[in-house]
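The block underneath contains the structure these notes are about, expressed in structure tokens.
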Amino acid sequence: MSEPIIELDTVSKSYKIYRNPRHRAVELLVPFAPVLHTDFWAVQDVSLRVDRGETLGVVGANGSGKSTLLQIIAGIVRPTRGRAAVRGRVSSLLELGAGFHPELTGRENVEMFGTIIGLAAQEMRRRLPEIERFAGIGEFIDQPVKVYSSGMFVRLAFAAAIHVDPDVILVDEALAVGDAVFQHQCLLRIRQMQANGTTIICVSHDMGLIKAISSSVVLLNAGRIIAEGDPAEMASLYFARASAEIAKAEAPQGPVPTIASDSEAVRFQADTNLDARVRVFRHGTGAAKIRSIELLDTCGRATTVVEFNDEATLRVHVEYLADVPSSIVGFGFRDRSGTELVGTNTFEEGVTLPPRKAGSTLVVDFRLRLPLIPGTYSVSSAIAADRYTRAYFDWIDNALVVTVSPPPSGKAIHGQVWLPVEISVHPS
Amino acid sequence: MVIDALVAPFQVLARQRPVITTFVQREIRTRYVTSALGIGWALIRPLLLLILYTFVFSYVLNVKFGVSERRSDYALYLFCGMVPWLAFADGITRALTAVPEQAPLVKRMRFPSEILPLHQILVALALESLGLVILLAALILAGRQPGWPMLSLAAIVIPQFLFTAGVGWAVGALSVLVPDTRQVVSFGLMFWMYATPIVYPLSLVPERLRWMYLLNPMAYLVEAYRGAVLDHQVPQLAPFALFCAVSVVVFIAGYRVFNRLKYEFADVL
């Protein structure tokens, strides 16, 4: 086996943090000045080997050191300690069009980009037709890039970045730019490059993308690699950690309310933090109020993470503040873009809620499965008199954030919601 | 090791030649492409300064160069000193902001940031040649004969570039990390200009102070330009060799400063 194309040996990078920007000058210019900075270690003791043709996914929460790690591989940032070796030409999609000059034409900028990245001028000129075709910006190639739309700019920059025959390509959320057609074109091109043996380092929060293209994944936390291995496993781990973080952030300050055991009757409980938490996401007449919303796993424990299509219970605690002859309680799951994917209510499911007096309470359990594409979802819940009145007693958006983790089987989910399906095959 | 350190700055010139060339061309094109007068500004500015200084120092203060009483002679001597000085001062001023101006490149790409101050200095020298053309035209208009010693400028410009580049590297790197550098340097340049015999001849300086001018490489440079262009004198070997040596030392030292500080650029920009 040839030597790895990327080799990081206990690489660390610290940034000097100065309380006062002047301190940097003092430290620099005054001989024997005291140390005035504190070190912030963005990346710590990271060792990594990436072989030619491999695709490495890098995942981790914001601030876990992903970007710094990429910058080290790209040769932009020099590690404070340790050794980083990259054997080949690196093209980065981190900041598309970083070297473009607004006054120069697209063509000139592409040629200049080639020079910067170390390609002879005639080499770059030879590739120009292909770059033009990929970018698909037509006549604009001979206009100064300042007149480009942001989409055109990115397409040209992307086209230039991938047509320089890089040995290593660094991919960031940059892929999420441009329209849908262009995104597919990009992904297709990345697949082609993978097939041609280009090494790819991909940083993303999109576990779907990570699982789709990576051959292995490292999970970063606070600048260190805390796990590495199979993409599906790492994605699950990432989700598990993310939802643990969310749970921690949302945990009430005081003692956690005791969990109802199976034998115990379902009892009304008010979440004292709910009102403050959802204040801006709430509207309604106030004849009844949602006091708590929780997601319970199969053992009845409150959770914020459920596995794809696993059984769970969404429990809504309602308190009536007026006499109400009839009511409907419902919920909905929204994805990160705010689109409501699934939802229903007691009326649609044929359940009639009893009349309630002011001061009484009600707990409604929705036993459900969440066959949603892994990711985070926000839960809305509402209570109304009936399905015909517009005035809701109470409506809460963002009542709960729920994470759906990927199926352990590694099954890919196509679309946003899995369609329960039975397949039969009939050979003739 | 020592040899490496000494050779490194020269290797930059060789290895990064394509990038440097591209950047010099780009800078010249883009600097003037948006202004109505275009490259004309590169000529107008020195001409305006020439008129201003001639008025103040020749008409008002009655400063004279050499034996001649003619005002045109003052203007010629002044202009001949201004051409290399402006190339130096403009180069340094541009070098101060060269790195921050290209922050995206330095922060987002693997980019040899050392070429940034360098290319601005080369642009300044390239524009200087326009000044020289005007100087030549003025020379002929004033009825003087351009002589072959003028060709020695081709040799003088090499240490001139090395000296400017060294200073440019040092202040260019420092100004990224210590913003005050810009103020210090712009004041320093003004001070330095009057400490160099540009608007007055060295002969007007009292004997006992003249040794100070030996410490100023720019004074040598200005005098060498005047010798070559106006007085038909090829530079003398010993002072020229000394100037070359000083320039090489400054070039290497400036590079070392830049190289030492450049890894912090991405943290600051």
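Report every pair of residues separated by at least 6 positions or lying on different chains whose Cβ atoms are under 9 Å apart, first residue within region B:21-50 and within 14 Å of another protein chain (Cβ to nearest Cβ) and open to solvent by 80 Å² or more (accessible area, probe 1.4 Å), second in a helix (DSSP H, G or I) and modelled with pLDDT of 80 or more.
B:Arg29/A:Glu108
Which of the residues belonging to region B:201-223 are among the small types (Gly, Ala, Ser) and crowded, with 18+ Cβ neighbours inside 10 Å?
Passing the criteria: only B:Ala219.
If the Cβ limit is 7 Å and pairs must be 6+ apart or interchain, which residue in region B:86-115 that is more than 14 Å from chain A (Cβ to nearest Cβ) and more than 30 Å from B:Leu135 (Cβ to Cβ) pairs with which residue that is open to solvent by 30 Å² or more (accessible area, probe 1.4 Å) and not basic (Lys, Arg)?
Every condition considered, the pairs that remain are B:Pro100/B:Leu269.
Where residues in region A:91-121 are open to solvent by 40 Å² or more (accessible area, probe 1.4 Å) and more than 17 Å from A:Asp142 (Cβ to Cβ), which of them is nearest to the other protein chains (Cβ to nearest Cβ)?
Among them, the one singled out is A:Glu95.
Taking A:Gly375 as the residue in question, decide whether it is surrounded by 12 or more Cβ atoms within 10 Å (Cβ to Cβ) and on the phi > 0 side of the Ramachandran plot.
Criteria met by A:Gly375.
So, in region A:2-17, of the ones that are among the hydrophobic types (A, V, I, L, M, F, W, C) and more than 27 Å from the chain's Cα centre (by Cα), which residue ends up farthest from B:Tyr263 (Cα to Cα)?
Checking each candidate, the answer is A:Ile5.
Under the condition of being buried (at least 20 other Cβ atoms within 10 Å of the Cβ) and within 14 Å of another protein chain (Cβ to nearest Cβ), which residue from region B:224-267 is nearest to A:Tyr15 (Cα to Cα)?
Looking at residues that are buried (at least 20 other Cβ atoms within 10 Å of the Cβ) and within 14 Å of another protein chain (Cβ to nearest Cβ), I get B:Phe265.
Let's see how each residue does on (1) closer than 29 Å to A:Glu233 by Cα; (2) among the charged types (D, E, K, R); (3) touching a strand residue (DSSP E or B) at 6+ places or on another chain (Cβ under 7 Å):
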| residue | (1), (2), (3) |
| --- | --- |
| A:Arg49 | yes, yes, yes |
| A:Val58 | yes, no, yes |
| A:Leu69 | yes, no, yes |
| A:Arg89 | no, yes, no |
| A:Leu104 | no, no, yes |
| A:Glu108 | no, yes, no |
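Among the residues of region A:328-341, count how many are modelled with pLDDT of 90 or more and not aromatic (Phe, Trp, Tyr).
Summing the residues that are modelled with pLDDT of 90 or more and not aromatic (Phe, Trp, Tyr) in region A:328-341 gives 4.
Return yes when B:Ala87 is small (Gly, Ala, Ser), open to solvent by 10 Å² or more (accessible area, probe 1.4 Å) and not in a loop (DSSP other than H, G, I, E, B) and no when it is not.
no
Please list, ordered by first then second residue, the pairs with beta carbon atoms under 7 Å, 6 or more apart or interchain, first in region A:16-40 and within 11 Å of chain B (Cβ to nearest Cβ), second charged (D, E, K, R).
Listed pairs, sorted by first residue: A:Lys16/A:Asp39; A:Lys16/B:Asp267; A:Tyr18/A:Arg24; A:Ala25/B:Asp180; A:His37/A:Lys16; A:His37/A:Glu27.
Any residue in region B:224-236 that is free of Cβ contacts under 8 Å to residues at least 24 places away in the same chain and closer than 30 Å to B:Gln11 by Cβ?
no
Has region A:67-74 got at least one residue that is more than 11 Å from chain B (Cβ to nearest Cβ) and either open to solvent by less than 40 Å² (accessible area, probe 1.4 Å) or under 30 Å from A:Ile162 (Cα atoms) (or both)?
Yes, the conditions are met somewhere in region A:67-74.
Within region A:75-90, which residues are charged (D, E, K, R) and either buried (at least 23 other Cβ atoms within 10 Å of the Cβ) or within 12 Å of chain B (Cβ to nearest Cβ) (or both)?
Scanning region A:75-90 gives A:Arg78, A:Arg89.
The values are calculated or read from the model by the stated rules, or taken from the named source; none is laboratory data. Since the structure is predicted, the reported quantities are computational estimates derived from the model, not experimental observations. Note: ideal-geometry Cβ built from the backbone for every residue, glycine included; neighbour counts use all protein chains shown. To get the accessible areas, we keep the full protein, side chains included, count just its heavy atoms, and leave off ligands, DNA and RNA. Shrake-Rupley method; radii C 1.70, N 1.55, O 1.52, S 1.80 Å.
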